[in-house]
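Data first, discussion second: the structure below is written as structure tokens.
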Amino acid sequence: MPRVFIAAPATTANLGPGFDCLGAALNMQNRLQAAWGSLLPFGGTKEELQTWLEENSRVEVRGEGAADLAEGGMGLFYQALASFLALNPKGLLAVQGLELHFTNAIPLARGLGSSAACIVSALALSKEILKEAGIDPDSLPLAAAAVDLDGSADNVLATLYGGACLNIMDGGVLQLSIPLKISPKLRFVVGVPELPLKTSKTRRVLPEKVALGEAVQNSARLAALVRALEAGDYSNLRELIQSPLHIPYRSRLIPGYQSIEELAYEAGALAVTISGAGPSVLALATDYFQAIGEAMVHGFGQAGLAARYVVSEVNSKGVVVERCR
């Protein structure tokens, strides 16, 4: 019975002006142990395979979001798994005796890429299943399918490959992904409140159009931010991390955001912004990590929210897959 161990990292997207195009992997991981039996041809559609997998799998979830996921919240994983298996040129496969044991560390709906980690975990598992079926998964457009499932490339490609990357999309299709080097001296301090906030809600508060001047301003900041991160020049990060495209609108959905930002800067942060779609708040720093984290937690507390913080380097490995004996 084949068994695999899969670890998929969290991500933080946007980093201010890199709206929907810049993401970095973090050292916080969801872990999956999976086992399965025989593989048989499946005569239905991709959607029917998804339903069949849901009804014929054993799943256990521990850690972050366990209660929500155990109560029917695994749909995205099965959708992704069925979508990747559907790329098999020999046809759909029924995976008999599928056992899934998740140990999650990434909070759900907090702007830390939990959906991307779910999709990439399914991608990694599908690759192992396809290998058992005699298919070379590297010949299939799995990464493109992952981007399509997630809706953007920033989180999912950082989870898949690790590190940081700048992605160019056109009409929902990935055109180019450029890896970025970030010094290990730079840390990501993330304040995580006990407040789930779905990306769909944070999308609705964004304007459909932006002024030309704001677009130019954002482009200039993004170009300078990428150069500063790669050069290790953090002297202007506080200015470069700003973005008129989404931060003024999404910050209104985060209780106490302005105060949290100010407290983090007072504690020694180099730059502060929203992690992904929020509500987590991200601070970049080279020192004073504990003080910054505690300051953000205090700021959330003043706004009536319990919170915690994590400190992370950029995860350079991306998803990790090991065969279990």
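Points worth noting:
- For the chain, modelled as a GNM whose springs connect Cα atoms under 10 angstrom apart, the maximal fluctuation among Gln290, Gln175, Gln79 occurs at Gln175.
- The range 222-261: translational diffusion in µm²/s, Stokes-Einstein, Kirkwood Rh over Cα pairs, 37 °C, 0.692 mPa s: 286
- Order of exposure, largest accessible area first, which applies to Lys209, Lys185, Lys201 with probe 1.4 Å: Lys209, Lys185, Lys201
- Residue order for His101, His246, His298 - accessible surface, 1.4 angstrom probe, largest first: His298, His101, His246
- Linear extension gain, Arg62 paired with Gln96, 0.36 nm per residue minus alpha-carbon span: 9.9 nm
- Across the cross-link table entries Lys90/Lys127; Lys185/Lys317; Lys46/Lys201; Lys181/Lys317; Lys46/Lys131; Lys90/Lys131, which are compared at the Cα atoms, the separations over 24 Å belong to Lys46/Lys201.
- Of Ile292, Ile168, the residue with the largest accessible area leads and the full order is Ile168, Ile292 (1.4 Å probe).
- Lys/Arg +1, Asp/Glu -1 at C-beta; the chain dipole; positive extreme among Val319, Asn88, Leu53: Val319
- Amide H contacts of Leu26 (H built 1.01 Å from N, under 5 Å, at least 5 apart or other chain): Ala10, Thr11, Thr12, Asn315
- Accessible surface calculations at 1.4 Å, restricted to protein heavy atoms, place the range 163-219 at 63 Å² per residue.
- Between the exposed loop cleavage positions of the chain, defined as GluC sites (Glu not before Pro) in a non-H, G, I, E, B DSSP state with at most 10 neighbouring beta-carbon atoms within 10 angstrom, the longest gap is 72-207.
- Dimensions of the range 171-236 based on its C-alpha atoms, expressed as ranges along the principal axes with the largest first, amount to 36, 35, 27 Å.
- With 10 Å bins from 0: P(r) over the range 104-201, alpha-carbon pairs, percent: 14, 39, 35, 12, 1
- Per-residue SASA entry for Asp68, accessible area with 1.4 Å probe, Å² rounded to 10: 100
- Residue-wise HN-Hα coupling along the range 101-114, computed from phi with Karplus coefficients 6.51, -1.76, 1.60 (Hz; x: Gly, Pro): 10, 9, 10, 9, 10, 8, x, 7, 6, 10, x, 10, x, 5
- Couplings 3J(HN,Hα) of the range 231-238, computed from phi: 7, x, 9, 9, 5, 10, 4, 4 Hz, in residue order, whole Hz [Karplus 6.51 cos²θ - 1.76 cosθ + 1.60, θ = phi - 60°; x for Gly and Pro].
- Of all accessible heavy-atom area on the range 17-94, the percent that carbon and sulfur account for (1.4 Å): 46
- Using a simple spin-label model with pseudo-atoms 7 Å out from Cα toward Cβ, Asn236 and Tyr249 lie 2.7 nm apart.
- Carbon + sulfur, % of accessible area of the range 201-325 - ligands and nucleic acids excluded, 1.4 Å: 50
- On full extension, the segment bounded by Gln290 and Ala306 gains 4.1 nm, given 0.36 nm per residue less the C-alpha separation.
- In the context of the full set of protein chains, the range 45-128 has a per residue accessible area of 40 Å² (1.4 Å probe).
- Expressed in units of 2.2 N^0.38 Å, where N is the residue count, the Cα radius of gyration of the range 226-325 is 1.21.
- Alpha-carbon Debye profile of the range 273-319, log10 I(q)/I(0) at 0.32 Å⁻¹: -1.27
- Dipole magnitude (debye, nearest 20) for the range 1-87, charges at Cβ of Lys, Arg, Asp, Glu: 380
- Kirkwood-Stokes translational diffusion coefficient of the chain, alpha-carbon pairs, 20 °C, 1.002 mPa s, µm²/s: 106
- Kirkwood Rh and Cα Rg combined as Rg/Rh, the range 1-145: 0.97
- Across q = 0.30 Å⁻¹, the range 3-63 modelled as identical point scatterers on its alpha-carbon atoms has Debye log10 I(q)/I(0) values of -1.23, in the order of the q list.
- Sulfur and carbon atoms: percent of accessible area, the range 131-191 [1.4 Å]: 53
- At an R0 of 30 angstrom, the distance between the Cβ atoms of Glu322 and Lys198 translates into a FRET efficiency of 0.40.
- Across the range 222-228, rounded Karplus estimates of 3J(HN,Hα) from the backbone phi angles (6.51 cos²θ - 1.76 cosθ + 1.60, θ = phi - 60°) give 5, 4, 5, 5, 4, 4, 5 Hz, Gly and Pro being marked x.
- For a label point 7 Å along the Cα-to-beta-carbon line of Ser219, residues of the range 231-271 with backbone N under 16 Å: 244-245
The values are calculated or read from the model by the stated rules, or taken from the named source; none is laboratory data. Model, not experiment: these values are computed from the prediction. Heads up, the Cβs are rebuilt from the backbone with ideal geometry, glycines too, and the neighbour counts pull from every protein chain shown. Each accessible area value is taken on the protein alone, full model and side chains, heavy atoms only, with ligands, DNA and RNA left out. Shrake-Rupley method; radii C 1.70, N 1.55, O 1.52, S 1.80 Å.
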